[in-house]
Each structure stands twice: as C-alpha cells, then as structure tokens.
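Every read-out reported here was derived from the displayed coordinates using simple, explicitly stated rules and does not represent laboratory data. Just so it is clear, the structure is predicted and the values come from calculations on it, not from any experiment. Positions of Cβ are generated from backbone atoms using ideal geometry, with glycine treated the same way; all protein chains shown enter the neighbour counts.
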Amino acid sequence: MKRVFIVAICASLIAVNSPAGAQSQLITTHRIPAVLALEAVGVAVATCAQRGFAETAVLVDADGVRQALLRGDGSGPHSLDSAFSKAYTSATMRANTEAVVERAKTDPVVINIVSKLPNMLLDGGGVVIRLKGEVIGAIAASGAPDGKVDEACAQAGLDKIIDRLN
C-alpha cells in the first residue's frame, strides 16, 4: 500500500510539473532493420577474416540491446562478450570506443563510469551509428590483436549499410 501511495505522489508531481502538452508528445526513434544488421556484422567478420583475423561482430540498438551477432570461424569465446561490451559502450557513450579511451585518459568521470557500470569496456573496436545526428546503435568487432584493427572491421560493416539507413 505504501509503495502505491509513493508512486501516485510521484506521478502527480510529474504531471503537475510537466510542460503543457508534454503528456501527448511521443518520442520518435529509429531502428536498424534486422536484415541490414545481419549484413553489417557479416561484412565486419568477413573483412577481418580477409586480413587474417578471426573476429566476432555485434550490432546493438541505441539502448545497447543486441540486435545481431556473428562469431567468425576460429574466433575465441571471449570475443562474444568483448564485442558486445564494445558495442554497448559505444552506443551508450555515444562515441566510438577509441574516442572513449582517449577521453578516459584525462576525464576521471569516464573511468568511474566504465569501471562501475556493467558491460562497459575501454578498448577500441566499437563504432557508433548515427542517422541525421541521432544515435541509432553501434557495431563492434573483437578478436584482432589491436583495437584499431577491430574498429576498421566494424567500420567496414557499417560502411556497407550506411547508405540504406533512412
């Protein structure tokens, strides 16, 4: 009973303090179609395979939820979690993971975020996906010995589909 009362008070305060008409406004978001998400991770894995690296690629939506995943032939089991964490970090921090790594060198807040929250990883390989300035997801690759190689493979996957996102 106490919980219901508290929720009712909070809802009342929100309603009273909301700008006029805010209750009727919808938030529009964009999603990457499944077929394009699968194509992007496939291209990322194939690109790295051509360069001699066994990779896993993951594409997440703007909330960091897995949408597509492909574990390439010979890719290590740890690459599944690593690729997801890179994509999650990129989507939620709204930047490529290489940029997040650079920010962490001078911004202790970034270190706190990454060290305290689950699924965050400071390593190159995550690429944010934007559509007209809006973050709509991220793609990441993991498995190469260098985050810059992982990022290049993830970017190749994104480059393959970017023109068809609208």
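Can you list which of the trypsin sites (Lys or Arg not before Pro) found in region 119-155 are DSSP loop residues with at most 15 other C-beta atoms within 10 Å?
Here the sparse-neighbourhood loop sites are LYS132.
For the chain, with a Gaussian network of springs between Cα atoms less than 10 Å apart, report the residue from ILE32, ILE111, ILE129 with the top mean-square fluctuation.
For the chain, modelled as a Gaussian network with Cα springs under 10 Å, the answer is ILE111.
Over region 36-93, what number does the Rg to Rh ratio reach, with both radii from the alpha-carbon atoms and Rh per Kirkwood?
Ratio value, two decimals: 0.97.
For LYS116 paired with ARG66, estimate the spin-label separation in nm (one decimal), with each label point 7 Å from Cα along the Cα-to-Cβ line.
2.7
For the chain, set up a GNM with springs between Cα atoms under 10 Å and report which of SER79, SER142, SER24 has the largest fluctuation.
It is SER24.
Whose amide H sits under 5 Å from the amide H of ARG130, counting only residues 5 or more places off or on another chain, with H placed in the peptide plane?
Result for ARG130 returns ILE136.
Rounded to the nearest 500 deg cm²/dmol, what is the calculated helix-only ellipticity per residue at 222 nm for the chain, with -39500 (n - 2.57) per DSSP H run of length n ≥ 4?
-15500 deg cm²/dmol
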